[in-house]
Amino acid sequence: MLSVVTGPSRSGKSEWAEQLALQSQLAVTYIATAQMNLEDPEWCDRIALHQQRRPADWQTLNIQVELATILTQASDRDCLLVDSLGTWVAAFLEDSEADWSQRSEALLQSLQNCLATVIIVAEETGWGIVPAYPLGRQFRDRLGSLTRAISGQADQVFLAVAGYALDLKLLGVMIPSTRL
């Protein structure tokens, strides 16, 4: 089972993903992709809020690179909650297009082969203005494309907005890819 929970900031997407993990009744491993930065107290506060919400019996893995490897090592008795895809993508902004393509394809392949229940939180960054800087546009485009590709494989895709979650697989129609 693969679920994606996407939405803008402060929409409730992480809380909904946590509810899905609880409902799975499996052993939950929370895969935190954000790195602690002690020079940024506000960022540390955000991470602390996420940590405080987690049940004590959930295992936490702080990763930055090895997401595909962790997915391939999980068993069908596991629920992996990945929070978030955006911070994972941000770690590779300096990758060349070829390296990024290889890295994202490895992630997609690991999701197809994963035995565990996987819940991925992904930020929606393209709802605002076009970023003024190339690196911002690259982040937005890479995250949007990867979220779309993962959602295409997913059993459930939820959009969280204003504290409500909509199941897009039930309510929506998949848009065919027009890539040449």
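A few notes on this one:
- Number of the condition not met by ARG137 [criteria: (1) surrounded by fewer than 15 Cβ atoms within 10 Å (Cβ to Cβ); (2) of a type in the set (Lys, Arg); (3) under 16 Å from the mean Cα position of the chain (by Cα)]: (3)
- Pairs meeting the criteria (first residue in the stretch 62-74 and among the polar types (S, T, N, Q), second residue surrounded by fewer than 12 Cβ atoms within 10 Å (Cβ to Cβ), beta carbons under 7 Å, at least 6 apart or on different chains) are THR72/ASN113.
For (1) aliphatic (A, V, I, L, M); (2) in contact with a strand residue (DSSP E or B) (Cβ under 6 Å, 6 or more places away or on another chain), each residue gets a yes or a no:
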| site | (1), (2) |
| --- | --- |
| ALA106 | yes, no |
| LEU135 | yes, no |
| LEU143 | yes, no |
| PHE158 | no, yes |
| ALA162 | yes, no |
| LEU166 | yes, yes |
| THR178 | no, no |
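- For the stretch 105-116, the candidate set comprises residues that are open to solvent by 30 Å² or more (accessible area, probe 1.4 Å) and not charged (D, E, K, R); within that set, the residue that is nearest to LEU26 (Cα to Cα) is LEU115.
- Residue satisfying all of: in the stretch 72-104; more than 26 Å from GLN51 (Cβ to Cβ) and acidic (Asp, Glu); surrounded by the most Cβ atoms within 10 Å (Cβ to Cβ) among these: ASP95
- Complete set of residues in the stretch 1-32 that are within 17 Å of GLN51 (Cα to Cα) and touching a Gly at 6+ places or on another chain (Cβ under 8 Å): GLY12, LYS13
- Inter-residue pairs, beta-carbon under 7 Å, first open to solvent by 100 Å² or more (accessible area, probe 1.4 Å) and in the stretch 159-180, second in a loop (DSSP other than H, G, I, E, B), 6+ apart: none
- Any hit, the stretch 13-28, residues being part of a strand (DSSP E or B) and touching a Phe, Trp or Tyr at 6+ places or on another chain (Cβ under 9 Å): yes
- Residue check, ALA149 closer than 18 Å to SER14 by Cα and of a type outside the set (S, T, N, Q): no
- Considering residues of the stretch 75-97 that are acidic (Asp, Glu) and in contact (Cβ under 8 Å) with a residue 40 or more places away in the chain only, the residue farthest from GLN19 (Cα to Cα): ASP76
The values are calculated or read from the model by the stated rules, or taken from the named source; none is laboratory data. The model shown is predicted, which means the values in this text are computed figures rather than measured ones. FYI the Cβ positions are ideal-geometry reconstructions off the backbone, even for glycines, and counts take in every protein chain you see. Keep in mind that these areas ignore ligands, DNA and RNA; they rest on the heavy atoms of the full protein, side chains included. Shrake-Rupley method; radii C 1.70, N 1.55, O 1.52, S 1.80 Å.
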